[in-house]
Amino acid sequence: MGSSLRRITAIKARLHARLTLVVRLVLAAAMLFAASPSSGAADSAISQLDEQCLACHSSKGMEMKLANGDVLSLQVEGAAFAKSVHSKIGCAVCHADTSFENHPPIKRKIAGSREYSLAMTKVCESCHAPVAKQYEGSIHAAQLRDGNAYAPVCTDCHSPHAVMAKQAYEASTGAPCSKCHDPIFTAYTGSVHGQATLGCSSCHNAHDVSAASKGDRLKSACLGCHQDALEAHQKWLPNAGRHFDAVSCPACHSPNAKRKVDLRLYDAVAKERVAEKEGVPQFESRARLADAKGGGLDALALRSLLRGFNSEGTDTTLRGRLEVSTGVEAHQLVRSAQAIRDCAKCHQQGADPFQSVTVSIVGPDGRQVRYGAKPEVLNSIISVDSVSGFYAIGGTRIKLLDWLLALAVLGGIGAPLGHMTIRWLFKKYAKRISGKEDS
Ligand code: HEC
Ligand code: HEC
Ligand code: HEC
Ligand code: HEC
Ligand code: HEC
Ligand code: HEC
Ligand code: HEC
Ligand code: HEC
Ligand code: HEC
C-alpha cells in the first residue's frame, strides 16, 4: 500500500518535471514566434505589455462611435485571448499603429465598422499569405470585390482575439458558416453528415469556397470520401456514370426534395459551360427579350435565345441536369436505404422533376444566373437538337423519339408506352447499354 503510494508520488513528480520541461519548451518556441520583444512574463500566457493594454480594454461596455454612427466595441476578453493561438504574438504586433504613446484618443477617422474590418484584416494576410491566396480565389472574395457587405473576411470567421487551432471549428455548432448560412446549417444538422459531425468545409473547403454549381468539385468531394460509390450504384443503376453526370447526388439522396431540371448553356466546341463575359452580362437581357410574353421561355423563345449566342460563331447547346430546387434541400441527405431507387420517379411521362425547368449560364462570380422556362421545351421537336445531351427516357424524350427507340428495341412492335412497358423497356435497354457502360 505505502510503497505503491510512494511509486505514484514518484511518477507524479517525474511527470510534473517532464510537463514543466514541455511547458518551458513550448514557451521557448512561442518566444521565437513572438515578434514582440517584450513577451516577458513566462508564467502567464499574456505578456506584461499586453496586460497594460487589457487594463483598459477589458473594461465592460467600452466602445467608440465611428464616423458613420456605427458603434465599435473596444472590449477584448483577456481570458479568451490567453487561450488563443496568437496569445504569444502580442497586441502590438497586430496593432502597430495604435500604441500607448499615440492613444487614446484615436487621431485618424474610422469610417465604419465594416471599413475597419476590411482594413484590419490585411494584418492576417501578412503572416498567413498562402491562406489569404486561397481566400482570394473564393466566391466570398469575389462577392466582397463586388461590394457585397455580407461577404465574410478573415475576422468574420475567426474572432480576431480568440483565434483557435483549426480542429476547433464547426463540428456541431456550424461555426463559422452557420452565422450567415443558417437555414442551410439547420437543414444540415439532421442529415447523415451533420449527424456524423462533418463540418461544412469537408465538402466546400474553408477558404477557397466556390460557387456550389461550379464544375464537378462537389461531386468529386463526395466521391473522394465515398470511393466505392460508383461501383455500388452500377450494381442496380444502368449506366451509373451517366446518371452521376446528369443527376445531382442530392436529387436521389434527399428524397423529399422538390426536383427540377436545369438546362445549362454549353459550348460544344470548347466543351465547357458558357460563362457570362466579364463586365457585359447578356444572358438575362437576351432571355427577357426572347421571352416577350414573360411567362418563361417556350421552345421558340429558347431557340431564339440560343441563336443569339450562336450568332457569335460558337456552337451553344444545352446540357440538362436534374437537381433539387433549393440549397436547403441539397443538405438534407438521408441514409441510403431511403434514397430514391424507383426508376419511375423520373422515367415516366410527365414525371415530377420535368415539370419545373430553368435555363442557366455561369455568372461572373461562378454562381449560376437562371431564367425560367416552360416544361414543354423538354418535349418539343423544336428544341430537340439543342437539348441534345439530355434524354431521360419517358421523362423528357420527345414522343417521336420514344417511338423510334421503342421500334428499335422491340423490333417493330409499336405499342403505346404505358407505365409497365416503360419499366420493361428499361430492363432491356439497360442490358443493352450496360455492356458498354463507362468504357
Ligand atoms: C488608458 C486606457 C487605454 C490603454 C492603456 C490602451 N487603450 Fe486602446 N483605446 C482606448 C480608448 C479610450 C480607445 C478609444 C479612442 C477614441 O475613442 O478615440 C481605444 C481604442 C483602441 C483601438 C481601436 C481603434 C484603432 O486604432 O484601431 C485599438 C485597436 C486599441 N485601442 C488598441 C490598444 C492596444 C494594442 C493597447 C496597448 C498597446 C491599448 N489600446 C492601450 C484606451 C486605452
Ligand atoms: C492576430 C492579430 C491581433 C492581435 C494579436 C490582437 N488584435 Fe486586436 N484586432 C485585430 C483585428 C484584425 C481587429 C479588427 C477586427 C474587426 O473588426 O474585424 C482588431 C480589433 C481590435 C479592437 C477594436 C475592437 C474590435 O474588437 O474590433 C481593439 C480594441 C483591439 N483589437 C485590441 C487588442 C488588444 C488589447 C490586443 C491584445 C490583448 C489585441 N487587440 C490583439 C487583430 C489583432
Ligand atoms: C468563410 C469562413 C472563413 C474565412 C473567410 C476565413 N477562414 Fe480561415 N478557416 C476557416 C475554417 C472553418 C477553418 C478550419 C477548418 C479547415 O481548415 O478546414 C479555417 C482555418 C484557418 C487556418 C488554419 C488552417 C490552414 O488552412 O492553414 C488559418 C491559418 C486561417 N484559417 C487563416 C485565415 C485567414 C488569414 C483568413 C483571411 C484571408 C481566413 N482564414 C478566412 C474559415 C474561414
Ligand atoms: C504576426 C504573425 C501573425 C498574424 C498577424 C496573424 N497570425 Fe495567425 N498565426 C500565427 C502563428 C505564429 C500561428 C501559430 C501557428 C501554429 O501553431 O502552427 C497562427 C495560427 C493561426 C491559426 C490556427 C492555425 C492552425 O493550424 O490551427 C489561425 C486560424 C490563424 N492564425 C488565423 C489568423 C487570423 C484570422 C489573423 C488575423 C486576424 C491572423 N491569424 C494573424 C501568426 C500570425
Ligand atoms: C459573414 C457571412 C458569411 C459567412 C460567415 C460564410 N458565408 Fe458563405 N456566403 C456569404 C455570402 C454573402 C455569399 C454570396 C451570396 C449568397 O450566395 O448568398 C456566400 C456564398 C457561399 C457559397 C456559394 C453559394 C452559391 O450560390 O453557389 C457557398 C458554397 C458558401 N458561401 C459556403 C460557406 C461556407 C462553407 C462557410 C463556412 C466555412 C461560409 N460560407 C461562411 C456569406 C457568408
Ligand atoms: C456532404 C457535402 C456537403 C456538406 C458537408 C455541406 N454542403 Fe453545402 N452543398 C453541397 C451540395 C452537393 C450543394 C449543391 C450543389 C448543386 O447541386 O448545385 C451545396 C450547396 C451549398 C450552397 C449553395 C446553395 C444554393 O442556394 O445554391 C451553400 C451556400 C452551401 N452549400 C453551404 C453549406 C454550409 C453552410 C454547410 C454547413 C452547414 C454545407 N454547405 C455543408 C454539399 C455539401
Ligand atoms: C438515381 C438515384 C441516385 C443517384 C443519382 C445517386 N445515388 Fe447514391 N444511392 C442511391 C440509392 C437508391 C442507394 C441505396 C442502394 C442500396 O441500398 O442498394 C444509394 C447508395 C449510396 C451510398 C451508400 C452505398 C455504398 O455502399 O456506397 C452512397 C455513399 C451514395 N449512394 C453516394 C452517392 C453519391 C456520392 C452520388 C453522386 C455522385 C450518388 N450517390 C448518386 C441512389 C442514387
Ligand atoms: C469528408 C468525407 C465525406 C464527404 C466529402 C462526403 N461524405 Fe457522405 N458520408 C461520410 C460519412 C463519415 C458518413 C456517415 C457514415 C455512417 O454514419 O455510416 C457519410 C454518409 C453518407 C451517406 C449515407 C450512407 C449510408 O450507408 O446510409 C450518403 C448517401 C452519403 N454520405 C452521400 C454523400 C454525398 C452525396 C456527398 C457529396 C455531396 C458526400 N456523401 C460527401 C463522409 C463523407
Ligand atoms: C432521379 C431521377 C432518375 C432516376 C431515379 C433514374 N434515372 Fe435513369 N436517367 C435519369 C436522367 C435525367 C437521365 C438522362 C441522362 C442523360 O441524358 O444523359 C437518365 C438516363 C437513363 C438511361 C439512359 C442512359 C443513356 O446512356 O442515355 C437509362 C437506361 C436509365 N436512365 C435507366 C434507369 C433505370 C433502370 C433506373 C432505375 C433503376 C433509373 N434510370 C433511375 C434520371 C433518373
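If R0 is 22 Å, the Cβ-Cβ spacing of SER304 and GLU376 corresponds to a FRET efficiency of close to 0.90. Here the Karplus curve 6.51 cos²θ - 1.76 cosθ + 1.60, taken at θ = phi - 60°, turns the phi angles of region 130-146 into couplings of x, 5, 4, 5, 4, 4, 4, x, 8, 4, 4, 5, 5, 5, 4, 4, 6 Hz, with x standing for Gly and Pro.
Once you've got the Cα coordinates, tell me which of LYS65/LYS107; LYS65/LYS122; LYS122/LYS179; LYS345/LYS374 are over 24 Å apart. From the list (LYS65/LYS107; LYS65/LYS122; LYS122/LYS179; LYS345/LYS374), the Cα-Cα distance tops 24 Å for no pair. Enumerate the amide H contacts of GLY320 below 5 Å, restricted to partners 5 or more residues apart or on another chain; note that Pro and chain-start residues carry no placed amide H. Those qualifying (amide H under 5 Å, at least 5 residues apart or on another chain) are ARG264, GLY389, PHE390.
Listed from fewest to most Cβ neighbours within 10 Å, the set LEU300, LEU237 follows the order LEU300, LEU237.
Database remark: amide H of ARG273 closer than 5 angstrom to the amide H of ASP267 (H placed geometrically; neighbours at sequence offset of 5 or more, or on other chains; Pro and chain starts carry no H).
Its Kirkwood hydrodynamic radius, worked out from the mean inverse distance over all distinct Cα pairs, puts region 143-249 at 16.0 Å. In region 176-284, taking the dipole from charged Cβ atoms about the Cα centre, the farthest positive-side position among ALA251, SER201, THR186 is held by ALA251.
Sequence-ordered 3J(HN,Hα) estimates for region 97-111 from the Karplus curve with 6.51, -1.76 and 1.60 and θ = phi - 60° stand at 9, 10, 10, 4, 5, 9, 7, x, x, 6, 8, 6, 8, 10, 4 Hz, glycine and proline given as x. The stretch between LYS214 and THR197 holds 3.6 nm of extra length on full extension. This uses 0.36 nm per residue minus the Cα-Cα distance. With all projection directions averaged, the alpha carbon convex hull of region 30-157 covers 8.8 nm².
Were the residues from VAL131 through LYS65 laid out at 0.36 nm apart, the gain over their Cα-Cα distance would be 20.5 nm. When every Cα-Cα distance of region 238-396 is counted in 5 angstrom steps from zero, the calculated P(r) takes the values 2, 9, 18, 22, 19, 15, 9, 4, 1, 0 percent.
Close amide H partners of ALA211, meaning residues 5 or more places away or on another chain with modelled amide H under 5 Å apart, are ILE139. Across region 286-298, rounded Karplus estimates of 3J(HN,Hα) from the backbone phi angles (6.51 cos²θ - 1.76 cosθ + 1.60, θ = phi - 60°) give 5, 5, 5, 5, 5, 8, 4, 7, x, x, x, 5, 9 Hz, Gly and Pro being marked x.
Read the figures in this text as sums done on the coordinates, not as results from a lab. This is a predicted model, so every value here is computed, not measured. Cβ coordinates were reconstructed from backbone atoms using ideal geometry, including for glycine residues, and neighbour counts include every protein chain displayed.
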